[in-house]
Amino acid sequence: MRLLFLAVLRRHTGNAVTAQRVRDHLEAAGHVCILKDAFDFESPSEISNFIKAENLEAAVALHLYRGGRLLQGNGIPFGIIFGGTDLNEDVNQGDKNNVMGKVLEEARFAVAFTESMKETAQRQWPRAKDKIYVQSQGIATVPNTAFNWNTFLQRSEINQSADNLHVFLLICGLRQVKDPLYLVDAFSEWHQEEPNVYMVIVGPEVDPVFTREVKAKVKRTPGVRLIREMAQEDLHAVMKNCFALVNSSVSEGMSAAILEEFVQLAKRLVSDPALEKTIIANGREYVRKYHSWQEERQTYRQLVRTLERSPED
């Protein structure tokens, strides 16, 4: 089957990685999967012309609103994969909510990455509950075996001679919704108490104005470093060598109370090697159980089969 995979492919989002991985799953099942950026099309009519020109038989959209709305009324069966923006932001905007509901009515299936995402979608569009499935994102890492951690530390101007060096890593595009400055002050205070603790922010310069703000803040903040976008294999190697990963996001909600609690728990993690080993072991087991790359492949293969059947089957 010839498929169109419509996604938002800007490099600063995780969508590009997800889209590439799902396309690999579909192509491994024998389908021809043409991956296109939703922002390359301005209207459903442009998509319709592309579908006819490429003789496409079905479609999958990553993002219910940004991608799915372009597939409405095009006469081919399609499924959608919810993006975080769909259920954290767009769902709260009346016009977009209505459009997404209509897209779901046409879609053969909808994939949510978590149970909470599924529950949110079901509350908003209860008539679509029977077509919403949960499939966590599969994890497959490929760290660069030639990557030199000490060279990375040197380039980052991190004191390699500090006893028990602890590097906390935040990976995100420099845009306000990811809130990369959320932890900066707290980490800087901690660094001044314990010079072996650093925070490193890694990511592409997405929003030029906000990027200047981040650079200025980091420049005058001890213990915090900013690194430009890295190749995925190198980034995986940095993740493997750092002490811990951290995350922040405005749309996911971050309160001051969470910030204070985070620093307390991070300090406990640094001082308790047994806790560190337990968290690592539990994390590996969790990924093995809930983020299986093979299970993800099987799920998408089965769902795409629903696009091959007539609606009455």
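Descriptive notes on the structure:
- If the condition is being surrounded by 14 or more Cβ atoms within 10 Å (Cβ to Cβ) and in contact with a helix residue (DSSP H, G or I) (Cβ under 7 Å, 6 or more places away or on another chain), then the range 154-167 contributes only His166.
- Number of residues in the range 226-248 that are closer than 19 Å to Phe262 by Cβ and open to solvent by less than 50 Å² (accessible area, probe 1.4 Å): the value is 5.
- Output for the range 214-231, where each listed residue is assigned to a loop (DSSP other than H, G, I, E, B), over 15 Å from Leu170 (Cβ atoms) and without any contact (Cβ under 8 Å) to a residue 60 or more places away in the chain: Arg220, Pro222
- Members of the range 106-118 that are closer than 22 Å to Gly75 by Cβ and either part of a helix (DSSP H, G or I) or out of contact with any Leu (no Cβ under 9 Å at 6 or more places or on another chain) (or both): Glu106
- Filter result (surrounded by fewer than 11 Cβ atoms within 10 Å (Cβ to Cβ) and among the basic types (Lys, Arg)) within the range 258-296: Lys277, Arg284, Arg288, Lys289
- Of the numbered criteria (1) in contact (Cβ under 8 Å) with a residue 40 or more places away in the chain; (2) under 11 Å from Leu226 (Cα atoms); (3) open to solvent by 10 Å² or more (accessible area, probe 1.4 Å), the one Glu205 fails is (1).
- Answer residue from the range 223-277, given it is over 24 Å from Trp149 (Cα atoms) and hydroxyl-bearing (Ser, Thr, Tyr) and is modelled with the lowest pLDDT among those: Ser255
- Listed conditions (1) surrounded by 14 or more Cβ atoms within 10 Å (Cβ to Cβ); (2) polar (S, T, N, Q); (3) over 25 Å from the mean Cα position of the chain (by Cα) are all met by Thr299, apart from (3).
- Leu56, sole failed condition from (1) out of contact with any helix residue (DSSP H, G or I) (no Cβ under 6 Å at 6 or more places or on another chain); (2) free of Cβ contacts under 8 Å to residues at least 40 places away in the same chain: (2)
- Flag for Thr211 being within 22 Å of Ser161 (Cα to Cα), surrounded by 17 or more Cβ atoms within 10 Å (Cβ to Cβ) and out of contact with any strand residue (DSSP E or B) (no Cβ under 7 Å at 6 or more places or on another chain): no
- Index of the failed condition, Ala140 passing every other in (1) assigned to a loop (DSSP other than H, G, I, E, B); (2) surrounded by 19 or more Cβ atoms within 10 Å (Cβ to Cβ): (2)
- Cβ-Cβ distances below 6 Å connect the following pairs, each with a first residue in the range 15-43 that is polar (S, T, N, Q), a second residue that is at pLDDT 90 or above, and a separation of six or more residues or different chains: Asn15/Leu62.
The values are calculated or read from the model by the stated rules, or taken from the named source; none is laboratory data. Note that this is a predicted model, so its numbers are computed, not measured. Quick reminder, even Gly has a Cβ in these numbers, built from the backbone with ideal geometry, and neighbours come from all protein chains shown. Side chains included, ligands, DNA and RNA excluded: accessible areas come from the protein's heavy atoms. Shrake-Rupley method; radii C 1.70, N 1.55, O 1.52, S 1.80 Å.
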